[in-house]
Amino acid sequence: MTFIYPIIFHKTQEGRIKGYFPDLEGCSAEGETVELAVRDAMEAEYNWIMLELEEEDPVLPAVSHLQDLELKEGEFARNISVKVRLTEGWEE
């Protein structure tokens, strides 16, 4: 199953790229470049979703649309997509 959630990034004073998922409480990412921050975001989103799916009654939040996000000056948003295999034993 594919999950797509938006992340909001900004550049820090130190020049790093940091971001947070407005829909996934406490889920964030960072990297020295946008590419590395996106990779970190993919891993963070995957881990957040897997942890939620392991709960007895998992509840995944609704997905915000990019155009509905209120961005501050210097922020930019991207959709991050991850694939999660919900059944064991099947190899792609």
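All of the numbers you see were taken from the coordinates with simple rules; none came from a lab. Not measured: the values here are computed from a predicted model. Heads up, the Cβs are rebuilt from the backbone with ideal geometry, glycines too, and the neighbour counts pull from every protein chain shown.
Tabulated data for the structure shown
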quantity: In the stretch 33-65, residue surrounded by the fewest Cβ atoms within 10 Å (Cβ to Cβ) [restricted to those that are over 15 Å from Ile17 (Cα atoms) and under 9 Å from the mean Cα position of the chain (by Cα)]; calculated: Glu43
quantity: Filtered residues of the stretch 1-19 (kept if surrounded by fewer than 20 Cβ atoms within 10 Å (Cβ to Cβ) and free of Cβ contacts under 8 Å to residues at least 40 places away in the same chain); calculated: Thr12, Gln13, Glu14, Gly15, Arg16, Lys18
quantity: Filtered residues of the stretch 1-15 (kept if over 12 Å from the mean Cα position of the chain (by Cα), outside any loop (DSSP other than H, G, I, E, B) and among the β-branched types (Val, Ile, Thr)); calculated: Thr2
quantity: Residue tally, condition more than 16 Å from Leu60 (Cα to Cα) and touching a residue at least 24 places away in the same chain (Cβ under 8 Å), over the stretch 20-41; calculated: 4
